[in-house]
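Accompanying notes for the structure given below.
The values are calculated or read from the model by the stated rules, or taken from the named source; none is laboratory data. Quantities reported herein were computed from a predicted structural model and do not represent experimental measurements. Counting neighbours? That spans all protein chains shown, and the Cβs are built from the backbone with ideal geometry, glycine included.
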């Protein structure tokens, strides 16, 4: 059966309605719907992942966790052929988070104190300034120990005080984790329990680095595309494609409640790379290879190659998502599902969005040249 070429239809520009509607729906889901919640990678917190073949009583589990944490946890229960699973998300314990920040101050003062002592041994600096730093270090360590364990600092030697503060924070964190594990074991017969914690300072570091990576990537991408085509119009068309894919994939993340975290962001960046391949190939076929038939023929012929590219992406990441769902591996599931949705999105936005847009630009360029 011969498939008709939609780009030979004089009303082919109406195909642009499809990606436009998808973008509108996605923006609605993001800003007026469920929205995309940040994961612990970007907001900090504690994530406990439990797998069990004996079933999970989420109400009993939530109550047991709440007795230890002092607040109701967020639970996400999931089922698979391998058994039941649940993800428990808790905000950082305020006492431990404060102790971590104080310990960071202790480490900063320790570096200054060590540098001052080295300078003093070389005949530089002053003893009074070094002693003042030592007293500040002792005060910071004492505050850290007080916050973490409620006890007082037992030493007056700055280096030993740092070790005592580190041990106090580590012991407090270990005790809190053990109390949570005991609560889990009292409510669930777990086959495996995985605890992951991200502090507020580390989550802030992740978020700031992510912004830098995305900004640099977009700038380099725009520069490379402009060098390739030496024209603003095609370059903008190629840049619009990945942005459209990201918006629609983000809408799907909002719909399926997939959080923003390092896994989903990695999948988004991969999606940008995959989509750029399709858009570049399409742009070259339509605007560069003008001797190979008409514009609609070149665009339709390019869909065959693009279909294989997208099919490979969808199949590969779809299998990854399916296996991760069965084995209850949330990180791989998030990467797989976002990349799979992105593959479907890429095919729609390329051939219903960029192709009509580039054909229209090609026709205008041909008319102006006549």
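On the given criteria, is residue 322 farther than 15 Å from residue 245 by Cα and surrounded by 14 or more Cβ atoms within 10 Å (Cβ to Cβ)? Yes; evaluated as a whole, the condition is true for this residue. The criterion of being in a loop (DSSP other than H, G, I, E, B) and under 30 Å from residue 193 (Cα atoms) holds for residue 258. Looking only at segment 336-354, decide whether some residue is assigned to a helix (DSSP H, G or I) and farther than 22 Å from residue 23 by Cα. Looking for residues that are assigned to a helix (DSSP H, G or I) and farther than 22 Å from residue 23 by Cα, one finds none in segment 336-354, hence no. Restricting segment 59-82 to residues that are modelled with pLDDT under 85 and more than 27 Å from the chain's Cα centre (by Cα) leaves a set whose member that is surrounded by the most Cβ atoms within 10 Å (Cβ to Cβ) is 70. Listed by position, the helices (runs of 4 or more DSSP H) inside segment 1-101 whose residues that are touching a strand residue (DSSP E or B) at 6+ places or on another chain (Cβ under 8 Å) and farther than 29 Å from residue 246 by Cα number at least 2 are 58-69. Within the set 159, 144, 155, the sole residue that is part of a loop (DSSP other than H, G, I, E, B) and modelled with pLDDT of 85 or more turns out to be 155. Among the residues of segment 100-121, none qualifies, meaning not one is more than 27 Å from the chain's Cα centre (by Cα), outside the structural domain of residue 347 (by TED's automatic domain parsing), surrounded by 14 or more Cβ atoms within 10 Å (Cβ to Cβ) and within 24 Å of residue 333 (Cβ to Cβ).
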